[in-house]
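In what follows, a single structure is set out as structure tokens and then discussed.
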Amino acid sequence: MGAEGGRVSLTGTVRESSGGMYRIRLESGEEVEATLRGRLKRASRAGDRVVIGDRVDITLAEDGSAAVEKVLPRSTIIARRVLGGRRPKVVAANLDRLLVVMAARSPSPSLSTIDRFLVTAEAGGLEGIVVINKLDLPDAEEPASTLAWMYEAVGYPVHQVSAVSGRGMEELRAVLCSGWSALVGPSGAGKSTLLNALDPTLHLRTGALSRKVDRGRHTTVTSRMIKLGCGGEVADTPGFSDVGIWGADAESLENCFPEFRPYLGHCRFRGCSHDHEPECAVKQAVADGDILQSRHESFLKLLGEARAIAPEPGG
């Protein structure tokens, strides 16, 4: 803590952002509302926003007003790709894990969507976890078991759960009740239902995490951290169900598939794309059954997207 010209310098964490206002939890536990200092405001307009989870330095004036002066280095990020953008757009920072929630059925699980979200976790430095929900539905066991086998083989923790019957919920509770998490997945997968089952005091709308919305002429959507009664916190921000969120570029994408890593550097050609080149170690591993074909297909799809939106050299 420091003081200069009647202003006090403090450090805190962004817990909520809405319409240019930020709720900051200080190290003392107190919370204050803050705006952005001019330089950060300009950066925000350019797309480099202050986001929930950010650690920030603020100044607190004598009249009680506060301003964010600086964003401290981020340990992890959740980012989305922007068409034509030079870099991913960060939507949350400094979280511990990304839980990819899929229904065993209704709606049917999408392997490419699961893989995209797991790449988001890998690219941002978060732990990726797969949650297979709705085990209470008829005929859910077989697709759930298949999904669990596939992603456990890659090395990801998998939780098979039912918010209705309670199956697997204690194990999931142990994960979510420590640190900061984000739940992602398609609409209807049951993200809010799971959280309501873990903490009934939340009263989140099912179908989407609850969000404060100003329904005036200009709609403002709030991003925030939801505190669970058991101690953990869950990020709630627009776009977490958007399958466009991921932060890898064409060059780094191969490292976002953990099962590829033992084979990288063993292809015939340096800079192998693992697509059309002969004597590719990754493609051979797919042929040998050591890498799932669906995962390789997801890689190629994301690679094509990354190349399509990459900025022109020197641009």
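Out of the range 283-293, which residues are loosely packed, with under 14 Cβ neighbours inside 10 Å and either touching a helix residue (DSSP H, G or I) at 6+ places or on another chain (Cβ under 6 Å) or closer than 18 Å to residue 152 by Cα (or both)?
Correct list: 289, 290, 293.
As an exercise: evaluate residue 186 against (1) within 16 Å of residue 135 (Cα to Cα); (2) at pLDDT below 90; (3) not hydroxyl-bearing (Ser, Thr, Tyr) and give the number of the one condition it does not meet.
The one condition residue 186 does not meet is (1).
With the checklist (1) within 28 Å of residue 238 (Cβ to Cβ); (2) under 20 Å from the mean Cα position of the chain (by Cα) in hand, flag the one item residue 162 doesn't pass.
(2)
Name the residue that is nearest to the chain's Cα centre (by Cα), counting only residues in the range 3-25 that are among the aliphatic types (A, V, I, L, M) and modelled with pLDDT under 95.
Among them, the one singled out is 21.
Restricting the range 232-263 to residues that are farther than 16 Å from residue 302 by Cβ and part of a loop (DSSP other than H, G, I, E, B), which is modelled with the highest pLDDT?
Taking the candidates together, the pick is 232.
So is residue 91 under 23 Å from residue 297 (Cα atoms) and either in contact (Cβ under 8 Å) with a residue 40 or more places away in the chain or of a type in the set (Val, Ile, Thr) (or both) or not?
For residue 91, the condition - under 23 Å from residue 297 (Cα atoms) and either in contact (Cβ under 8 Å) with a residue 40 or more places away in the chain or of a type in the set (Val, Ile, Thr) (or both) - is not met.
What are the residues in the range 264-282 that are open to solvent by 60 Å² or more (accessible area, probe 1.4 Å) and not in a loop (DSSP other than H, G, I, E, B), if any?
If the condition is that a residue be open to solvent by 60 Å² or more (accessible area, probe 1.4 Å) and not in a loop (DSSP other than H, G, I, E, B), then no residue fits.
The values are calculated or read from the model by the stated rules, or taken from the named source; none is laboratory data. Please read these numbers as outputs of a predicted model, since none were measured by experiment. All Cβ positions, glycine included, derive from the backbone under ideal geometry; neighbour counts span all protein chains shown. Side chains included, ligands, DNA and RNA excluded: accessible areas come from the protein's heavy atoms. Shrake-Rupley method; radii C 1.70, N 1.55, O 1.52, S 1.80 Å.
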